[in-house]
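First the structure, in the form of structure tokens, and then the observations on it.
The values are calculated or read from the model by the stated rules, or taken from the named source; none is laboratory data. All values derive from a computational prediction rather than experimental measurement. Areas reflect the complete protein model, heavy atoms only, side chains present, ligands, DNA and RNA absent. Shrake-Rupley method; radii C 1.70, N 1.55, O 1.52, S 1.80 Å.
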Amino acid sequence: MSNLGYARVREHYVNEATLGHVGVVIGLVAFIVALPPFRADALWVPVFIGLIAIAVGVWVVSRGMRRPGWTAIGFGIVGIGLGVLATRASTGNLDQVVVWSALLSATLVWATPLTFAAIGGMFSERSGVVNIGLEGMMLAGAFFAALGTDKFGHWYMGLLTAAVAGAAFAAVHAVMAIQLRADQIVSGTAINFLALGVTGYFFIDIYGENGTPGDLSRIPDVNIGFLGSVFGHLNLMIWVSFVLLIVAHITLFRTPIGLRIRSVGEHPRAADTVGISVYATRYAAVILSGTLAALGGAYLSIGYLGSFSENMTAGRGFIALAAVIFGNWRPFGAFGAALLFGGSTALSFRLAQPWGNASVLFQALPYVLTLIAVTGVIGRAIPPAAVGRPYVKQ
């Protein structure tokens, strides 16, 4: 096929995929129009808009793009369902749940630990090592941040302790996955169980039934009044996560270091032949991923909650791993996925206020979205070519 033919085929797929994304947005609009401040009370409004999204999805599927097409159809159906529920809810309940400033603030709160862990996981997988152990590294960071803050008396010492703990757990995973060439999925799963056992044991041994002290030094908020109620009083770690996104993107795609990381994740043999140490690069990337994941856990314990409880990460490391896939192994894509997961978590907590126990069902929403991400329904996620494959130097 000529270059012109390839260009036309590529343009066809790009256009159909873009239209599928438009269908997804239309499906979301079917739900949003029923919420304040729009309040489309008529039942036909979300139904009509959702049917448009479904029609777009059907057309995209008929053109051969099954994944974006079925995604648009799914969002259209979900948009109709949620929109119908919203039109049937009382105005008082909607006003209580849909407070946009509170939702946006809570979204950033719950997205921040996911962002740190997802960026860490992205560096690890870009170098060719799957890090299923993000959950355990986050949990270790949460506990050792509280422990370090308690023993040294300052939150920044807690952050340092958490970073060291996360790096240590990551180093164990790196040795097993890189040096010993163990199955990376099994190795990461072992790290999760190891962290759960270690943090549980030391938590009970040191603090017993009383738990961590209530006066732990906490990571401060940054008060910038002129930025409004959402951005004017954010925690320091949230601002650090914004900076981390920019630094990670520049490092990965604009520096020689990023080129080395990506090369050992795509073609380790070729990287080795030009003098790049595959082992050293992968070790550094995995240890960095553990450090960042631990900082995400530290934000949970000494930034947001001010305490530690057993297994407090509650699967957020796995959601962060899904965010890496969701974001196509790119920093801003992973951040967008973290915002989506964080927003669904924030919404589930808001729903608990007017609907009580019935809102427990909505707390499964982040995990449902995780399943969608890891099965690759949203778009076509293409991982680094050598990810999960141990490298043997010849």
Here the equivalent ellipsoid of the chain, derived from its Cα gyration tensor, has semi-axes (largest first, whole Å) of 35, 31, 17
Taking each pair of different alpha-carbon atoms in the stretch 165-211 once, compute 1/r for the pair, average those values, and report the inverse of that mean as the Kirkwood hydrodynamic radius in Å to one decimal. 11.6 Å
Per residue accessible area of the stretch 87-234, 1.4 Å probe, in Å²: 41 Å²
Looking only at Gly64, Gly74, Gly303, which one moves most when the chain is put into a Gaussian network model with springs between Cα atoms under 10 Å? Gly64
Pick out which of Thr199, Thr273, Thr71 has the largest mean-square fluctuation in a Gaussian network model of the chain, springs linking Cα atoms closer than 10 Å. Thr273
Enumerate the whole-percent occupancy of each 10 Å bin, from 0 to the last occupied one, for all C-alpha pair distances of the stretch 139-220. 19, 42, 27, 12, 1
Which percent of the accessible area of the stretch 184-226 is formed by carbon and sulfur heavy atoms (probe 1.4 angstrom)? 61 percent
Mean Cα-pair separation over length for the stretch 197-288, i.e. relative contact order, pairs under 8 Å, 6 or more apart, %: 12 percent
The set of residues whose placed amide H lies less than 5 Å from the amide H of Asn235, leaving out same-chain residues fewer than 5 positions away, is Val222
So for the chain, averaging the separation of alpha carbon pairs under 8 Å that are six or more residues apart and normalising by length, what relative contact order in percent results? 24 percent
